[in-house]
Structure formats: structure tokens, C-alpha cells
1. Between Glu242 and Glu83, with labels modelled 7 Å along Cα→Cβ, what's the label distance in nm to one decimal, could you check?
2. Report the full-extension gain for the segment Thr62 to Cys31: residue separation times 0.36 nm, less the Cα-Cα distance, to one decimal in nm.
3. At what distance in nm do the modelled label points of Ile121 and Ser213 sit from each other, each positioned 7 Å from its Cα along Cα→Cβ?
4. Using a ≥ b ≥ c from the Cα gyration tensor of segment 227-272 (square roots of the eigenvalues), is it rounded, prolate or oblate, where a/c under 1.5 gives rounded and otherwise the larger of a/b and b/c decides, a/b for prolate?
5. For the pair Lys173 and Glu149, how long in nm is the line joining their label points, each one 7 Å along Cα→Cβ?
Amino acid sequence: MVSQLQQLQQKDNEKQHKKQVQRLGAILVLCKVQAHMNTETGIKMHFDKFGKVNLVLCSVTTSKAYVVFAKVSECTAAKESFEAVMGNRFIMVYPCGTSDVEDMIKIPLKPFQVQKSDDEIATMEKDVREAKALLEGLESQAQADPEDETMKADVEKAAATLAELQQELSALKASKASNEAVHTPVKPTEKKPWWATTRSNTFDNRSRKLTVSNIPESSSLLKQKDHFAQFGEVKTFEPSEETVIVEYSLRWQAEKCQASLLATEPDVKVEFM
């Protein structure tokens, strides 16, 4: 009996959730949205140009997102736009159907978090500084008259206000950092030569140790380990007055160093040991 009541309550909750979603306005569905682009902030920033966006729901597991507009005309304008969604032409856009609503109600509703600008963070930091100054002044007055109950109450209120401002400031900075992390492009890694990526390179038993001699007095960088580390992982480094002996972890790193030194320092002699 209890299980049947629970099932009925669950069905009623799903119906109410479904009606709530349908009452929000015109809904647009995005599919084939990549995980790093499937964020409420980025999607809302793109569709704000078409009208008021009441809600954005993201589902990373299904690569879908749902945009709820306040008016049907705004939803239609966004659907018929030829502009690529967030610059990605592979993202498909279509109006929400019955099956989409069934998937949409499985995503918990939550208020949209608007990205805060640098001006808002600067204003909040100013408020925090003023609250700190006020609290310090009240504390000094309270120390002068420790029996004043009114002053103690003012100190407690000022401390609570400062704590709330600091918490809000931390939330603003965290929101900004998360949005910057999402939109920060990935730096391309250094491309290795084809012979350095093959499996046979693991069994390369050729020498990885170089001897650098005939170093001119003006080339002081050739006697520093950091200069050789730019070509790869340096296992051993033995500088002396006349020569430098450097050993790399891989053969191709040593060959890269040799080629660079011979091209930039024609008088220097570089040989494998």
C-alpha cells in the first residue's frame, strides 16, 4: 500500500514538473553539443540576442541542451537564424516536442547563474574593504567601552555583514574562474618527429650523450643546464672549462639539440659519445 502511494506521489510530481516546464514558454532543443560548450553561461550568452531567456537546462550525458524563451516569436527567431550556435555549425537546433519534454523533466530545475563581470567584482571588493574598515572602527570603540551592550551588538552585525560580503565575493570569483576555464583555448602540444613516436624508439640503444666543445667565451648559455633542457629531459649535465657533457633521456632529443647547436653555433663542435 505504501509503495503504491509513493508511486502515485511520484507520478503527480512528474506531472506538475511537466506542466511547469510547458508553462515556461517556447522551448528550443540543441543536440550534438560538445561537453566543453554545454554550459548554461555560454548558451545563454548566445541566445540572449534573440529575446528573454527564462531558463537553460544542460544534459552533458545526452549532449543536449534546452533553451526556454519567454515568447514563441523569440524562439522562432532563434530557430530560423542562420548564425551558428556558439560558432559551431555541427550543433543542431529544433523546436521541443513531446519526447523532448519527457527527457527535459528528468533534469532538475535550478536558477540560472549569470556570469559576473570584472566591474561587479571590483564593486564587491570595495564593499568588503569598507565593511572591514567599519568593523575595525567599531571594535576599537567597543574596546574603549567594553560594558556598552549596544556597541557589542553593532560589532556583531558588522562582522556578519562582512562575512556575507566575503562569501559573495568568493562566489563571484569562482564563477568567473570557471567560465574562463571553459572558454580558455587549449595550447597545442609540441609535434614530435614521426620517428620519435614509433614503438621502435623505445628500444633505441644508440648513444644519448653529447659532447659540446670549442665553446666561445661569448656563448655562456652553452654552459647552463636550462639551455639544453629546452630540447628534452636532461638526465646528466657535466660542465667544465672546455667542454660540456649532456645526456638526454631519448635519442631524438639529443639529435634535436645537436641540430640546433650546429645551426646556431657554427664554431661549436657537437658529437655523440
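Here, each number is a calculation from the coordinates, and none is a lab measurement. Only a predicted model underlies this, so the values are computations on that prediction, with no experimental measurement involved. Don't worry about glycine lacking a Cβ; one is built from the backbone with ideal geometry, like all the others, and counts go over all protein chains shown.
1. With each label placed 7 Å out from Cα toward Cβ, I get 7.1 nm.
2. 10.3 nm
3. Label-label distance for Ile121 and Ser213, simple model: 5.7 nm.
4. oblate
5. Using points 7 Å along Cα→Cβ, the separation is 3.9 nm.
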